[in-house]
Structure formats: structure tokens, C-alpha cells
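Report on one structure; see the data block that follows.
Read-outs: derived from the displayed coordinates by stated rules, not from any lab. Note that this is a predicted model, so its numbers are computed, not measured. As a convention, Cβ positions derive from the backbone with ideal geometry for all residues, glycine included, and neighbour counts pool all protein chains shown.
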Amino acid sequence: MKQHIRTLVVVGGFLITMFAAAPTYAQKPGGILKLSHFDSPASMSILEESTRAALQPAMGIFNNLVMYKQDVPQTSLQSVVPDLATRWSWNEDGTEMTFPLRQGVKWHDGKPFTARDVK
């Protein structure tokens, strides 16, 4: 009888560990994003808003071509890193920039993200 209880405890512990270590499914489409925030943003347009109240919650929803490194406490040109762009370069005149886009990026509906979307 003790052997059965011991086996049951070991198997139960294994199952609990297995389910606790299962990967989270954060990448599944749909659902509700919940976060604690100090203010109510005027809009969710990252192009029209410039305050932390609007940009902080939008960072979990939108991507940019480039962004500041999140682990650097002070923002500067040296801390700009690619996000949807893989890199960037200027033309010889310094009047145009080229941003090669990350491959395999899709919109929430599954359609591919293209240069036309950026334009």
C-alpha cells in the first residue's frame, strides 16, 4: 500500500511540474490586454501622442521601425535599435533613409507586413 501511495505522489508531482512548466501562449491572436496604468491616454495613436501616458500602453500593441534600447536608462542616437526594420542606411546626399524590413511579420489578421504598409 505504501508503494502505491509513493508512486501516486511521484506521478502527481511529475504531472504538477509538467503542467507548471508548460509554455505560456502569449502569442495566440485575440484576447484582452490588461495592464496597470497611472492615467487614461487621450488616444492610442503613437503618431499623435507624445506623453508616457499614451506611449507606455501602446508599446505592448504597436511596433516601430526602430526603437530605443529598453535596458538603457538614457535615450540617445546610440541607443536606437531595429524593431520592424533590420537596419537602416542613408543615401549619399543624406536626404533619404532605407529601412529593410524584418521578414515573416504579419498583421493581426495574418496578412504580411510590407513596405507599402510603412509608406
query: Relative to the present Cα-Cα distance, how much length would full extension add between R52 and Q78 at 0.36 nm per residue of separation?
result: 7.2 nm
message: Counting only other residues whose beta carbon sits under 15 Å from that of Y68, what net charge do I get with K and R as +1, D and E as -1?
response: 0
- request: Would you mind computing, in nm to one decimal, how far apart the modelled labels at T95 and S40 are, each placed 7 Å from Cα along Cα→Cβ?
  value: 4.8 nm
